[in-house]
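Just so it is clear, none of the values below were taken in a lab; they were calculated from the coordinates. Since the structure is predicted, the reported quantities are computational estimates derived from the model, not experimental observations. Note: ideal-geometry Cβ built from the backbone for every residue, glycine included; neighbour counts use all protein chains shown.
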2 protein chains.
Amino acid sequence: MTTITGFEAIDLRFPTSQHLDGSDAMNPDPDYSAAYVILRTSSAEHSGYGMTFTIGRGNELCVAAIRSLATLLVGQSVESLMREPVALYRRLTGDSQLRWVGPEKGIIHLAGAALINAVWDLWARIQQKPVWQLICDMSPEQFVASVDFRYLTDVLTPGQALELLQPHVGKRQQRIEELRASGYPSYTTSAGWLGYSDDALRQKCADLKARGWKHFKIKVGRDLADDLRRCSVLRREMGDDAFMMIDANQVWDVPQAIEWVRQLAPFRPWFVEEPTSPDDILGHRAIAEAIAPIRVATGEMCHNRIMFKQFMQSNALQVCQLDCCRLGGVNEVLAVLLLAARFRIPVCPHAGGVGLCEYVQHASIIDYVCVSGTMEDRVAEYSDHLHEHVCDPVVMRHGRYMPPEAAGYSVKFTDAALAGYTFRG
Amino acid sequence: MTTITGFEAIDLRFPTSQHLDGSDAMNPDPDYSAAYVILRTSSAEHSGYGMTFTIGRGNELCVAAIRSLATLLVGQSVESLMREPVALYRRLTGDSQLRWVGPEKGIIHLAGAALINAVWDLWARIQQKPVWQLICDMSPEQFVASVDFRYLTDVLTPGQALELLQPHVGKRQQRIEELRASGYPSYTTSAGWLGYSDDALRQKCADLKARGWKHFKIKVGRDLADDLRRCSVLRREMGDDAFMMIDANQVWDVPQAIEWVRQLAPFRPWFVEEPTSPDDILGHRAIAEAIAPIRVATGEMCHNRIMFKQFMQSNALQVCQLDCCRLGGVNEVLAVLLLAARFRIPVCPHAGGVGLCEYVQHASIIDYVCVSGTMEDRVAEYSDHLHEHVCDPVVMRHGRYMPPEAAGYSVKFTDAALAGYTFRG
């Protein structure tokens, strides 16, 4: 038995705003940050590591929420928590008083994600497997038992989920070998930040193309004339065959989104990301209907499975960009992968920032091996920054994520990162 | 000029769980709490008082978020903030880093509400008016200038909002006089908590009926046999003419909600409240279609105007239970009142807890005087608890809210409350 005996919650902030990495129409100066938790256990050998991602101010509130929620784990054994993984999810999201300040959204849910991810990390370390492997070794019944179907059963029951998973069991091993040989495709935003000059955009695009990428995302939405020029620069540099994605980071109202995207349509974007409020399901649907065949993508701020359910039910999104920290950790990510399979919507998880790339590779591998069984129209986001601060950074080859082999969920930070970037207010 | 020079943020908790006041299917043991803020100013005479409501654990996180956000107000003059009230809303909800941990939802939005409400309270105290009066004295143009129309313009533009408000200007004074004479109707949950025995239910219903109430809400959703018995007890006690409302506090999935409400239909509920997840717009719509003519009510956990917009657009609710603390303060309450008028949906604001009754009377008065112009199908929630802790408690007469006459927004707590109920961890 490995009992959780205590925890440390740490406010890590990286001063990325100094270089305008990560700048977009809504977020001019992010400082990529992690509300980071280490679960200590009765075993000297094993700790669990989890985080949620923020962009600076407010990270202290996620750390405080981790402290409030972590008391629900202290004294529990990881074996009893993981015997019924859905109970872990409910323990951290269902406290009757704490759910009032959510429910299942905002700071309390971000903090819950950090802790749920830390328990999965701990469990995977004890099993000496990466998290993706732990889940790919589960039976369909065990997979389904990790998902909270509350509020989903009108579109997806546990029985229907089993039917989705069973046909893939026999093909899992072959897919894992394929991934180990050639990786999972990614796309990158490293070229397209709004704060970059045209020259920087061109040069970064050329560099990434040479390194194997075929999908390029560019931030838009601050000034239409600028966007027309920058999309033209990018399309010329990336070539006709590559995929362009445009990302508005929620700056438009619905009618404005439709008009603006129509102006940029000649550059043939594959999708437009976050055209309006992340809460506006019906608004996204109206945009999607108006701009087809350009797809609508959203999800980095889609806070739970109930919102994703509706986006998918109403065909309001055509690309699902789930976030491994915004959703309530591994359990809710599995729920959304199942929903996406149910509605045949490709999952292209949100990353960038810090730690997110390390997380999303697991989600995309699980999706390919166990859930959707395809890489068609699927790319996991990637960005080139801050990987040096984690102990097991992503390994990219020719623009593709190579499956992580170290045990756990890949976001243990280095001692140097803790020493250098712990925020002291 | 009155400059905001500092603030106190206070964690107030009332141990209501000891008596099972407030118990329902989702919340078995709430401790009604306020994350309370006092804005200090350059004038010794004037402070501003605001709060958000929680049910216990997690209140400390709202207090922490108030501290993080309040720094955005310190050094500002209330005159400059209120010159353009929408800028106040954007200042507290639009910080590019802090919005990441929302946006406009959860703890950061609850805290923003406390602060926005405190600034309106302060401004009203300086003008020596209650908040409802301050707004009823505004021109339609000033009213519209208090609302952030971002993400609303696909269904409601500022111009359309003006058209909604203008016809009521000439009738405002007469309506105010009417309210001062006979008040605004309320309904009460004080009888129907799940923790009460049948005898307590019967006795409290008889008592409230004698005091003038005609609407009675009862909590359901834990056990169907219990619900059938308790609804029968209540219907017999309240009589055939009074209105019964049933409240499930989010415990059902969509198919279960439809089935359960059909079982209770013989007791003729006027509406069912929170039948499922507060995020599930399309689920509420499916329920509403299946159980008509019983109405669907929701809103106490509907976190912003964008969610309400969609609930109304899709006819997923027929009774709007906005919450003055869950929404981003006075500004966003005004936005939702306008949306409700646009879609001709009655507003019956959520109250109970602590401080909420004091807030909602203002919302309902504004709705009647300036926005909807009718009390038809409209009742503001009321509960009998904890009014002794505020300096200007609600005044009820024959089950109706009498318009508050004291300056401000009615939630200044007494010194005794601060001394007796400040929570020290």
- Message: Using amide H atoms built in the peptide plane, which far-off residues or other-chain residues are under 5 Å from A:VAL395 H to H?
- Response: A:MET402
- When a footprinting reagent is the concern and you count Cβ atoms within 10 Å, what order do B:MET245, A:MET375 take, fewest first? A:MET375, B:MET245
- So the angle from the long Cα axis of helix A:198-210 to the longest Cα principal axis of chain A, reported in degrees to the nearest 10, equals 60
- Task: Work out the length of the dipole vector of segment B:201-258 about its Cα centre, built from +1 on the beta-carbon of each Lys and Arg and -1 on the beta-carbon of each Asp and Glu, and round it to the nearest 20 debye.
- Result: 300
- Item | Estimated dipole of the protein assembly as shown in Debye, rounded to 20 [Cβ of Lys and Arg +1, of Asp and Glu -1, Cα centre] | 520
- Using a Gaussian network model of chain B whose springs link C-alpha atoms within less than 10 Å, name the residue from B:ASP227, B:ASP199, B:ASP253 with the highest mean-square fluctuation. B:ASP199
- Task: Compute the label-point distances linking B:ALA419 to its equivalents in the other copies; points lie 7 Å from Cα along Cα→Cβ; give nm, one decimal, shortest first.
- Result: 5.3
- Please get the size of the charge dipole for segment A:309-372, origin at its Cα centre, with Cβ charges of +1 on Lys and Arg and -1 on Asp and Glu, quoted in debye to the nearest 20. 240
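From the C-alpha coordinates alone, can you work out the Kirkwood hydrodynamic radius of chain B, in Å?
21.5
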- Task: Measure up A:LYS105/B:LYS129; A:LYS171/A:LYS309; A:LYS214/B:LYS309 against 29 Å on the Cα-Cα distance and list the ones that go over.
- Result: A:LYS105/B:LYS129; A:LYS214/B:LYS309
- Task: Rounded, prolate or oblate: pick one for segment A:168-421, where a ≥ b ≥ c are the square roots of the eigenvalues of its C-alpha gyration tensor, a/c under 1.5 means rounded, and failing that, prolate if a/b is larger than b/c, else oblate.
- Result: oblate
- Note on the structure: Here segment B:365-381 yields Karplus 3J(HN,Hα) values (6.51, -1.76, 1.60; θ = phi - 60°; whole Hz; Gly and Pro given as x) of 5, 4, 4, 5, 6, 10, 10, 8, x, 9, 10, 4, 6, 10, 9, 8, 5
- Message: Give the average over all directions of the projected area of the C-alpha convex hull of the protein assembly as shown, one decimal, in nm².
- Response: 33.4
- Message: Run lengths n ≥ 4 of DSSP H only: what is the helix-derived mean residue ellipticity at 222 nm for chain B, with -39500 (n - 2.57) per run over all residues, to the nearest 500?
- Response: -12000 deg cm²/dmol
- Item | Long-range amide H partners of A:GLY408 with built H, under 5 Å | A:ARG125, A:LYS129, A:VAL131
- Task: Give the cross-link partners of A:LYS204 among the aspartates and glutamates, using a straight C-alpha distance below 12 Å as the criterion and excluding same-chain residues fewer than 8 apart.
- Result: A:GLU237, A:ASP384
- Kirkwood Rh and Cα Rg combined as Rg over Rh, evaluated for segment B:1-122: 1.03
- Among B:PHE53, B:VAL379, B:THR276, whose Cα lies farthest out toward the positive end of the dipole of chain B, if unit charges sit on the beta carbon of Lys, Arg (+1) and Asp, Glu (-1)? B:VAL379
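How high is the relative contact order of chain B? Use alpha-carbon pairs under 8 Å, at least six apart in sequence, and give a whole percent.
Contact order relative to length: 20 percent.
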- Looking only at A:LYS209, A:LYS412, A:LYS219, which one moves most when chain A is put into a Gaussian network model with springs between Cα atoms under 10 Å? A:LYS209
- Per residue of segment A:158-172, in order, report the coupling 6.51 cos²θ - 1.76 cosθ + 1.60 (Karplus, θ = phi - 60°) as ³J(HN,Hα) in whole Hz, putting x for Gly and Pro. x, x, 5, 5, 4, 4, 5, 7, 4, x, 8, 4, x, 9, 4
- Going by the alpha-carbon gyration tensor, a ≥ b ≥ c the square roots of its eigenvalues, is segment B:313-425 rounded (a/c under 1.5) or, if a/c is not under 1.5, prolate (a/b greater than b/c) versus oblate? prolate
- Message: Just to verify a number: FRET efficiency for B:GLU163 and A:LYS171, C-beta to C-beta distance, R0 = 56 Å, to 0.05?
- Response: 0.40
- Would you list, by chain and number, the aspartates and glutamates whose Cα falls below 15 Å from the Cα of B:LYS412, excluding same-chain residues fewer than 8 positions away? B:GLU8, B:ASP11, B:GLU45, B:ASP121, B:GLU358, B:GLU388, B:ASP392
- Item | Per-residue HN-Hα couplings for segment B:328-345 [Karplus 6.51, -1.76, 1.60; θ = phi - 60°; Hz; x = Gly/Pro] | x, x, 3, 4, 6, 4, 4, 4, 6, 4, 5, 4, 4, 5, 4, 9, 6, 10
- Please list the non-local residues whose amide H lies under 5 Å from the amide H of A:THR188, H modeled 1.01 Å from N, same-chain partners needing a gap of 5 or more. A:HIS215, A:LYS217, A:TYR382
- Message: Please state the shape class of segment B:137-237: rounded when a/c is under 1.5, otherwise prolate if a/b exceeds b/c and oblate if not, all from the C-alpha gyration tensor.
- Response: oblate
- Message: Rounding to the nearest 10 and keeping the result within 0 to 90°, find how far the Cα-based axis of helix B:281-291 lies from the longest principal axis of chain B.
- Response: 30
- Message: In segment A:168-421, if the dipole is taken from +1 on Lys/Arg beta carbons and -1 on Asp/Glu beta carbons about the Cα centre, which of A:GLY170, A:TYR421, A:PRO403 is farthest to the positive end?
- Response: A:GLY170
- Once both label points are put 7 Å beyond Cα along the C-beta direction, the B:THR5-B:ALA416 separation in nm becomes 3.0
- Placing a label point 7 Å from Cα toward Cβ, how far apart in nm is A:ARG229 from its equivalents in the other copies, listed shortest first to one decimal? 7.6
- Could you name the lysines in cross-link range of B:LYS209, using Cα to Cα under 19 Å and dropping any fewer than eight places away on the same chain? B:LYS217, B:LYS219
- Among A:GLU177, A:GLU273, A:GLU405, whose mean-square fluctuation peaks in a Gaussian network model of chain A (Cα, cutoff 10 Å)? A:GLU177
